[in-house]
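Take a look at the structure set out below.
The values are calculated or read from the model by the stated rules, or taken from the named source; none is laboratory data. Quantities reported herein were computed from a predicted structural model and do not represent experimental measurements. Because the Cβ atoms are built from the backbone with ideal geometry, glycine has one as well, and the counts that use them run over all protein chains shown. Each accessible area value is taken on the protein alone, full model and side chains, heavy atoms only, with ligands, DNA and RNA left out. Shrake-Rupley method; radii C 1.70, N 1.55, O 1.52, S 1.80 Å.
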Amino acid sequence: MSATKNSPAGHSFDLQNFLATRTEAVNAALDKFLPSEKTKPATIHKAMRYSLFAGGKRMRPALVLAAAEACGGNDTAAMPLACAVECIHTYSLVHDDLPGMDNDDYRRGKLTNHKVFGEGIAVLAGDALLTQAFEIAALCQSWPRYSHQEIILEIAKASGSLQLIAGQVADLEGEGKKTSVAQLRYIHERKTSALLCCSVRLGGMSANCTPGQLQALTDFGYHVGLAFQVIDDILDVTQTSEQLGKTAGKDTKAQKATYPSIVGLEKSRKIAAQLTGQAFAALKIFKGRAVALEALAEFLLKRDR
Ligand code: GRG
């Protein structure tokens, strides 16, 4: 992707620079928020940091910060929330990789947490990252339109048993079974879209956004989240394990329902592009101030890992 690009709405934006600077800032903030590797009990802090700093794309924090900017906010106010969603995301990956779930050996280009630290510590590292997320989120300020209570509820709902966990349950229970497109959509809405949508909403809240802006961010996040998972399913069958940093072809092996397995690759690509188009449409009310969000949505559609 070129350094400076025109967004679909014709705005010029340097996404590479945005991602590089925000990733560095998020990593520095996470490093400060988390207990050091030497803090007792050292094993758990090593395990938490191992997965958190294993080289994830930091897309959810980038979405928090980009949404804050679109609403006239700033990185300082949004940073605790950006770090909180990354902790939740990383916990979900650590647990998803466990033998009792997806049983994977590689994640983010490295051995999975349980392969390095053992299953017991990996379960606890996931638990601790989830708890850490709420501790970090509690450090953010309140805003006139959004109280602490609303912020914490937002995160709890997106990661709870009606959303993220519901999606994972449906995913596990659907393995090897015939799945309809509607059932697949149900899984994707919860397993993937809920946390991405929560990320942009939190960014907006940290900028004390208006109800109209929050609704636009919700529409955007919902559609980007769905597109994200369709692309993830496509990459699982088109890329190598080296490119992905995790085991490729796992969905087919586990007989998981995916868009490519139900509607084929070509139609899946069309669906991802359509969903991204719907995400762009939601940003109209920002009148050119959501360039970072636009660029991120396009990047996610065209990503190769
Ligand atoms: C265990 C509660 C629980 C939930 C697991 C995260 C998850 C739900 C399952 C992992 C597999 C999967 C396909 C999840 C959907 C979300 C997704 C595509 C995660 C990968 O996100 P990326 O590509 O990862 O942003 P990095 O490593 O770059 O952060």
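Among His223, His114, Phe13, pick out the residue whose Cα is farthest towards the positive end of the charge dipole of the chain, where Lys and Arg carry +1 and Asp and Glu carry -1 on C-beta, about the Cα centre.
Going by the charge dipole, the pick is Phe13.
Toward the positive end of the charge dipole of the chain, about the Cα centre and with charges on Cβ (Lys, Arg +1; Asp, Glu -1), which of Ile285, Leu153, Leu244 goes farthest?
Towards the positive end, the residue furthest out is Ile285.
If you take the beta carbon distance between Ala281 and Asp31 as r and set R0 to 30 Å, what does 1/(1 + (r/R0)^6) give as a FRET efficiency, to the nearest 0.05? Please list the in-between numbers first.
Working: r = 38 Å, r/R0 = 1.25.
The value I calculate is 0.20.
Need the list of lysines near Lys46 for cross-linking: C-alpha distance under 17 angstrom, and skip anything on the same chain fewer than eight residues off.
The reachable lysines, counting only those whose Cα sits under 17 Å from Lys46, are Lys32, Lys38, Lys110, Lys115.
Is the C-alpha gyration tensor of the range 200-278 telling us rounded, prolate or oblate? Criteria: a/c under 1.5 is rounded; beyond that, a/b larger than b/c is prolate, otherwise oblate.
Judged from the Cα gyration tensor, the range 200-278 comes out prolate (a/c at least 1.5, a/b above b/c).
Give me the dipole magnitude in Debye, nearest 20, for the chain about the Cα centre, with unit charges on the beta carbon: positive for Lys and Arg, negative for Asp and Glu.
Values: 35 positive and 31 negative charges, 65 e Å.
My answer is approximately 320 debye.
Can you tell me how the range 69-150 classifies by the Cα gyration tensor, rounded, prolate or oblate, using a/c under 1.5 as the rounded cut?
Judged from the Cα gyration tensor, the range 69-150 comes out prolate (a/c at least 1.5, a/b above b/c).
Could you give me the ³J(HN,Hα) list for the range 132-149, computed from phi with Karplus coefficients 6.51, -1.76, 1.60 and θ = phi - 60°, whole Hz, x at Gly and Pro?
Working through the residues one at a time gives 4, 4, 6, 5, 5, 4, 5, 7, 6, 7, 8, 10, x, 8, 10, 7, 3, 4 Hz.
Considering amide H positions built from the backbone, and no H for Pro or chain starts, which residues 5 or more places from Arg107, or on another chain, come under 5 Å of its amide H?
Long-range HN contacts for Arg107: Thr112.
Calculated from DSSP H runs of 4 or more alone, at -39500 (n - 2.57) each and per residue, what is the 222 nm mean residue ellipticity of the chain, nearest 500?
Taken over the chain, the calculation gives -21000 deg cm²/dmol.
Cα gyration tensor of the range 165-305, axes a ≥ b ≥ c as square roots of the eigenvalues: rounded (a/c below 1.5), prolate (a/b > b/c) or oblate?
In terms of gyration-tensor shape, prolate.
I'd like the isolated cysteines in the chain, meaning no second cysteine's beta-carbon lies under 4.7 angstrom from theirs.
Cys83, Cys87, Cys140, Cys197, Cys198
What pairs from Lys178/Lys267; Lys157/Lys178; Lys177/Lys250; Lys178/Lys284 go past 27 Å between their alpha carbons?
Details: Lys178/Lys267 19 Å; Lys157/Lys178 29 Å; Lys177/Lys250 16 Å; Lys178/Lys284 38 Å.
Cα-Cα > 27 Å for Lys157/Lys178; Lys178/Lys284; rest within.
Once ligands and nucleic acids are excluded and a 1.4 Å probe is used, how much of Thr210 is accessible, expressed in Å² to the nearest 10?
Estimated to the nearest 10 Å², Thr210 gives 50 Å².
Could you state the accessible area per residue of the range 154-305 in Å², with a 1.4 Å probe and every protein chain left in place?
Per residue, the range 154-305 has 43 Å² of solvent-accessible surface.
Have a look at Ile234, Ala254, Leu275 and report the one farthest towards the positive end of the charge dipole of the range 227-305, computed about the Cα centre with Cβ charges (Lys/Arg +1, Asp/Glu -1).
After comparing all options, I get Leu275.
For the range 191-205, just list the computed ³J(HN,Hα) in residue order, Karplus coefficients 6.51, -1.76 and 1.60, θ = phi - 60°, integers in Hz, with x standing in for Gly and Pro.
Coupling constants for the range 191-205: 5, 10, 5, 4, 6, 5, 5, 4, 4, 5, 5, 4, x, x, 4 Hz.
Through the Karplus equation 6.51 cos²θ - 1.76 cosθ + 1.60, θ set to phi - 60°, convert the phi angles of the range 29-43 into ³J(HN,Hα) values in whole Hz; use x for Gly and Pro.
Residue by residue, the range 29-43 yields 5, 4, 4, 6, 5, 7, x, 5, 4, 8, 5, 6, x, 4, 4 Hz.
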